[in-house]
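The structure appears right after this line, and notes come after that.
The values are calculated or read from the model by the stated rules, or taken from the named source; none is laboratory data. Computed from a prediction, not measured in an experiment: that's the story for all the values here. Ideal geometry is used to build each Cβ from the backbone, glycine not excepted, and the neighbour counts take in all protein chains shown. Just so you know, the surface numbers come from the protein's heavy atoms only, side chains and all, with ligands and any DNA or RNA stripped out. Shrake-Rupley method; radii C 1.70, N 1.55, O 1.52, S 1.80 Å.
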Amino acid sequence: MVGYTIRRILQSIVVLVGVLIIMFILQSLLPDPARAIVGVHASPAVVHAFIVQNDLNKPFYIQLWHYLYEIVWQHTLGTSYKLNESVGSILKRDAPKSFLLVGVALLISIVVAVPIGILQAVRRNRASDQAITGVSFILYAMPTFFLGELLILLFSEYFHVFPAEAPQGSTVGQILAQPTGLILPIATLALVNFAGYSRFMRSSAIESLAQDFIRTARAKGLSERVVLFKHMLRNSLIPIVTLIGLTLPAVLTAGLITEFLFNFPGIGSDYITALTSQDYPTALGITLIVAIFTVLGNLLADIAYAALDPRVRY
Amino acid sequence: MRPLTRACVIESGRNRFTVSITEDLNPELERELAAPFASTPGASVPEGGDVTGSGSAWRLIVRSFFDNKLGILGVSLLVLLLLFSFVGPIFYHSDTTIATYNINLPPGPGHPLGTDPSGRDVLGRLMTGGQDSLIIGIVSALVSTIIGTLWGAISGFFGGAVDTVMMRIVDVLLAIPTIFILLYLETIYHPTVLLLIITISVVSWLTAARLVRGETLSLRTREYVRAVRIMGGGRFRTIVRHIIPNTIGVVVVQATFSVANAILILATLGFLGFGLAPPAADWGSMLSGGVNYIYDGYWWLIYPPGILIVLTVLAFNFIGDAMRDALEVRLQRR
């Protein structure tokens, strides 16, 4: 178990370095951003100075080396080309807000999807099961932004209950101070995640229900509630841990789109702004953070899987 | 528990091998497996699971696919969408040039679904947008599935260091959410149908590669693969003629789901402003244009493209699910 954990951690670091290599190769394929950054009226000398200052005339592996050197020795992720601040401070300011949005939505979707999936498995093929399956099928097929737009049309255009724009502010506290603005973005993200998780939970619960330990629990005379929410729940939760790890990229992508749609001041909105203004250091920093969370999520899921299920041995 | 011996025909390319499989089958499980066939009218499967008795394996798959109501629904939806996009323009002529004198017209005579902010007919644009969306979705799913299948089969077949390196590359690409890589590429280059096909294919072959690698790991130890190698078959011949044809079930199901995925990715790119530029159209870009008028009540700019995206994705998901079930039925009948 310890050996497995260490091996997985080393593997994750290799993957993260790989992510950086790919991002630097990608950037070296893109046109030089210098002219776009310093502006059309800048003299050639200024453009040249910008190129030299940012290593843009060096091959990508030298740039990568400098980047890694800065991370390890100076604990910095470079400076934004466009905003006069370091990428680190942008991330420090905006990443917590994004994780608040994504985290709350993820939590809600799991808390709702797990019991609903179990109930569907118990009432398999009855009207209620089929209705929920139908809803989750449609939600699953719906692009995040279309779902968000429908919620905006329904709740802020026709009924005027919730605002269509996310709260603005630079700290998590300021965001939380306007909770009504958070409802639609969180609902959008939670519904998108719910669609995937409830379908998975249903089939996982159907599999668990057919197993011997459920029959044993029932034969012992345990109440149906104890059987379902103690014996079965615990066993169906194991695959969902892996699923959360695996779906993290999709969850973060949905987060990016939700932020853009509701103008939420998180790193997703920053990413799109950075790309449209060719602010590569900011885009790179955000990609790196997202990759770290994806890799970390998978790592924790694998370790949790081994810890939760005594049958798993490495 | 009682051991069962069954004849099993393995088809690999043009070669057929008959192998007998002895397996322990739980009698209760066996009854459960047999139950659906006993009650299916028309499918007369003799006791013991005779595979060749009632036609080829593919005919069985097709039959059980069409026993599935959702599968039929998916295929009909897809046929309707294809007719709408490709045959529709033949019967419905529309002017897709910019006409500032009739912008944002509500649905009415001459424009069954109104006009967009540039005065173009929405219904006509939905049709051309459908062509591009479906072509990009289907072709990029095909290309990415081919890349993924080859990658996974080579990785799994060779094993060892080759496998480690190839799979770490997959891990690395999986760690960066697809949209993040795509946005990088699309911000610089002006999206065209070809560019969108290439970029979406480049980022979506990973799942197929993982699945096919998993299948290959178990296939490469099979007797017939060893037989090919002993008879002097080369590695690439073994992979292309014997391993890949046997992963075709997984591959086809995965390809279907990846069409749905590609259409969602395309719609998202369009929504974020990185879709096809007018006069070309894709449903995502059209929807994105409608968002600006979300408070003006111009519903015809939002619902039609949104509903078409959902229907297309649903159709491919239904077909994929039905195909997976059909292929599992084949496995059970063995």
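A:SER98 fulfils the conditions (1) more than 19 Å from the chain's Cα centre (by Cα); (2) at pLDDT 85 or above; (3) among the polar types (S, T, N, Q) except for a single criterion, (1).
Considering region B:198-222, and only residues there that are of a type in the set (D, E, K, R) and at pLDDT 85 or above, the residue that is most open to solvent (accessible area, probe 1.4 Å) turns out to be B:ARG210. Can you say whether B:ASN292 is surrounded by fewer than 24 Cβ atoms within 10 Å (Cβ to Cβ), at pLDDT 85 or above and not small (Gly, Ala, Ser), as far as the supplied structure shows? Answer is no for this residue.
Step by step: first the residues of region A:279-289, then only those that are under 15 Å from the mean Cα position of the chain (by Cα) and open to solvent by 10 Å² or more (accessible area, probe 1.4 Å), then the one that is farthest from B:ILE181 (Cα to Cα). Which residue is that? This residue is A:ILE289. The number of residues in region A:260-278 that are within 21 Å of A:VAL19 (Cβ to Cβ) and either crowded, with 24+ Cβ neighbours inside 10 Å or free of Cβ contacts under 8 Å to residues at least 60 places away in the same chain (or both) comes to 8. In region B:108-194, counting only helices (runs of 4 or more DSSP H) that sit wholly within it, the ones holding 1 or more residues that are of a type outside the set (Val, Ile, Thr), away from chain A (no Cβ under 14 Å) and surrounded by 23 or more Cβ atoms within 10 Å (Cβ to Cβ) span B:122-158.
Please find, within region A:173-191, the residue that is most open to solvent (accessible area, probe 1.4 Å) out of those that are part of a helix (DSSP H, G or I) and among the small types (Gly, Ala, Ser). Going through the qualifying residues, I end up with A:GLY173. Exactly one residue among A:LEU222, A:LEU252 is open to solvent by 10 Å² or more (accessible area, probe 1.4 Å) and either within 14 Å of chain B (Cβ to nearest Cβ) or touching a residue at least 60 places away in the same chain (Cβ under 8 Å) (or both), and that residue is A:LEU252. Only a single item in (1) of a type in the set (A, V, I, L, M, F, W, C); (2) closer than 20 Å to A:ILE289 by Cα; (3) within 14 Å of chain B (Cβ to nearest Cβ); (4) open to solvent by 50 Å² or more (accessible area, probe 1.4 Å) is not met by A:ILE22, and it is number (4). Checking A:ASP279, A:ASP270 one by one, the residue that is within 11 Å of chain B (Cβ to nearest Cβ), modelled with pLDDT of 80 or more and within 24 Å of A:LYS97 (Cβ to Cβ) is A:ASP279 and no other. For region A:34-137, the helices (runs of 4 or more DSSP H) that sit wholly inside it and include 1 or more residues that are open to solvent by 60 Å² or more (accessible area, probe 1.4 Å) and free of Cβ contacts under 8 Å to residues at least 12 places away in the same chain are A:44-53, A:60-69, A:87-122. Taking the conditions exactly as written (away from chain B (no Cβ under 14 Å) and small (Gly, Ala, Ser)), does A:GLY134 satisfy them or not? No: the conditions fail for A:GLY134.
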